[in-house]
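The values are calculated or read from the model by the stated rules, or taken from the named source; none is laboratory data. Quick caveat: nothing in here was measured; it's all calculated off a predicted structure. Cβ coordinates were reconstructed from backbone atoms using ideal geometry, including for glycine residues, and neighbour counts include every protein chain displayed. For accessibility, only protein heavy atoms count, side chains too; no ligands or nucleic acids. Shrake-Rupley method; radii C 1.70, N 1.55, O 1.52, S 1.80 Å.
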Amino acid sequence: MTATTPRRRRRFASLAVAALAVAVLVSGCTTWFVERGSSGGSDRPVAQSTPAAEDVDADLRPFYDQVLNWTDCGDGLQCAEAKAPLDWQNPSASDISLALIKHPASAPGERLGSLLVNPGGPGGSGYDFVKDSLDFAVSDKLQAQYDVVGFDPRGVGRSSAVTCLTDKEMDSYLYDVLPGARGSQEWLDAYTASSKNFAASCEKNSPELLGHVDTVSAARDLDLLRATLGDSKLNYLGYSYGTFLGSTYADLYPQKVGRLVLDGALDPTSSNFDVSVGQAVGFENAIKAYLADCLTKSSCPFNGSVDDGMAKIGELLAQVDASPIRASDGRELGSSSMLTAIIYPLYNAENWSYLSDMFSDVFAGNADYAMQFADGYNGRGSDGKYADNSTEAFMAINCLDYAYTNDPVVVQKQNADLVAAAPTVGPWWSYGDISCDVWPDKTTRTPHAVTAQGAAPILVVGTTGDPATPYAWAQSLASQLSSGQLITFVGEGHTAYGSSSCVKQIVDEYFLKGTVPTSDPRCTS
């Protein structure tokens, strides 16, 4: 079973109890949207992309000069596959596949080029993002003048993907309640054994790919895709973890930056522990905001003050940790799954009423509603099948992007600091760095400031009440970038383009006309 760490991403999953569709990134990111219909495709060739002329080394030329063959994949969308080096340090040794999907500009006479989008993660599918929720990803105005392109980064989804566990094994990894008191030697031994089994399965089933799914390699892929699409500069909209991918690209290729928007920003200077503390505090504050709203309603399952509500939630987490509630399918709702179920609706304030319904159900001794939320976050269908490989990709990418330690002294201090910073959720948050400490491949990256010196203006969007990517991270990234401009949304929820009309207008004007605000507009709607 994993310790809970939210993904900085968007998840795409249906939430049956809400009779709506849900989208996520991470470290998950959840946003409501209405899915597009699907009419199927003919797989017949419809177009080719002429690559942009690039001055690259001879061993990279076969990749940068490749012609993308687009096929009709239904609903007005076109699909293609690109090849990229498995190892960018040794390009000629082996290659991988990258899956792309494109919505051609609906007003081709006014076409401004390609706009690549990434929904977050790490592990989120940009292919599914465009296929299932194009209207959420970008506005009609951008769809008219840009070819909107979604892609699955290396290790993810339809691209060459990390594979680890069967569906049944994934159930055990995510949901089994570990023996012993949390933090006890018995518990730590079981957690370590589970982590080692997961890592060994990934290494067995993805031996060559596993060590090459880091974000720097993915950013180099992004430059390759830009060129094969025929664009001299990159136009890009990245959400959540997609901001980390985008800022990494800008730092590697500042002269290739076209128009970049980074919404729900990560701070590249942060360590893994910095990220954990920031998110724990972010979700703690989001729960408080939910409770403040909930307590104004007669249907609220809490009474008294916000502090009283926080205490009751803390007691609930301790209760299910000691005595898990069995769901109708036989699985047990323990503290990890309970915290996941709480986190899932907090990505968007519009979901708070469903969170109240879930709390009421659990207080009545039922686990099914909470399990549906945990399943939605984890991408598990009601049939027990997982929709994608996002959990595997999330672990594989994060374990290569950050350094980890399991020095007992350091772990003890970090856990104490985490609980002090977030007293309600902190005790049930990630425990040390066990999962990535036992990973077969280690990071070569050191957190550092990105400046992208010489890049065109880059918009960095931050939401003051964002639980998954705290606002301070956007402030930090915007200040690091030599051409960064902060756009603030004063509100709740993860990312702002889909929630704030003010932010959407600013971002659209930037993509369409290159307009950059002279100062932070601090959007309130």
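In table form, for the structure just shown:
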{"read-out": "When residues of region 262-275 are limited to those that are under 16 Å from the mean Cα position of the chain (by Cα) and not in a loop (DSSP other than H, G, I, E, B), the one surrounded by the fewest Cβ atoms within 10 Å (Cβ to Cβ)", "value": "272"}
{"read-out": "Output for region 497-525, where each listed residue is open to solvent by 50 Å² or more (accessible area, probe 1.4 Å) and outside any loop (DSSP other than H, G, I, E, B)", "value": "501, 504, 505, 509, 513"}
{"read-out": "Top-ranked residue of region 168-187 - restricted to ones that are closer than 20 Å to residue 419 by Cα and among the polar types (S, T, N, Q), ranked as surrounded by the most Cβ atoms within 10 Å (Cβ to Cβ)", "value": "184"}
{"read-out": "Residue match in region 292-304 (condition: open to solvent by 20 Å² or more (accessible area, probe 1.4 Å), in contact with a strand residue (DSSP E or B) (Cβ under 8 Å, 6 or more places away or on another chain), at negative phi and not hydrophobic (A, V, I, L, M, F, W, C))", "value": "no"}
{"read-out": "From 342, 397, residue being in the same structural domain as residue 175 (by the TED database) and either hydrophobic (A, V, I, L, M, F, W, C) or closer than 30 Å to residue 497 by Cβ (or both)", "value": "342"}
{"read-out": "Any hit, region 423-439, residues being in a helix (DSSP H, G or I), assigned by the TED database to the domain that holds residue 137 and within 19 Å of residue 286 (Cβ to Cβ)", "value": "no"}
{"read-out": "Flag for residue 309 being open to solvent by 30 Å² or more (accessible area, probe 1.4 Å), among the small types (Gly, Ala, Ser) and more than 27 Å from the chain's Cα centre (by Cα)", "value": "no"}
{"read-out": "Per-region count, region 71-106, residues part of a loop (DSSP other than H, G, I, E, B) and either open to solvent by 40 Å² or more (accessible area, probe 1.4 Å) or farther than 18 Å from residue 227 by Cβ (or both)", "value": "15"}
{"read-out": "Residue within region 209-231 that is of a type in the set (Asp, Glu), in a helix (DSSP H, G or I) and not assigned by the TED database to the domain that holds residue 259 present", "value": "no"}
{"read-out": "Within region 232-258, tally of residues that are among the hydroxyl-bearing types (Ser, Thr, Tyr) and part of a helix (DSSP H, G or I)", "value": "5"}
{"read-out": "Test result for residue 217, at pLDDT 95 or above, open to solvent by less than 10 Å² (accessible area, probe 1.4 Å), of a type in the set (Ser, Thr, Tyr) and closer than 15 Å to residue 121 by Cβ", "value": "no"}
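Yes/no per residue for (1) open to solvent by 30 Å² or more (accessible area, probe 1.4 Å); (2) within 21 Å of the chain's Cα centre (by Cα):
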{"site": "377", "(1), (2)": "no, yes"}
{"site": "388", "(1), (2)": "yes, yes"}
{"site": "396", "(1), (2)": "no, yes"}
{"site": "408", "(1), (2)": "yes, no"}
{"site": "417", "(1), (2)": "yes, no"}
{"site": "429", "(1), (2)": "no, yes"}
{"site": "440", "(1), (2)": "yes, no"}
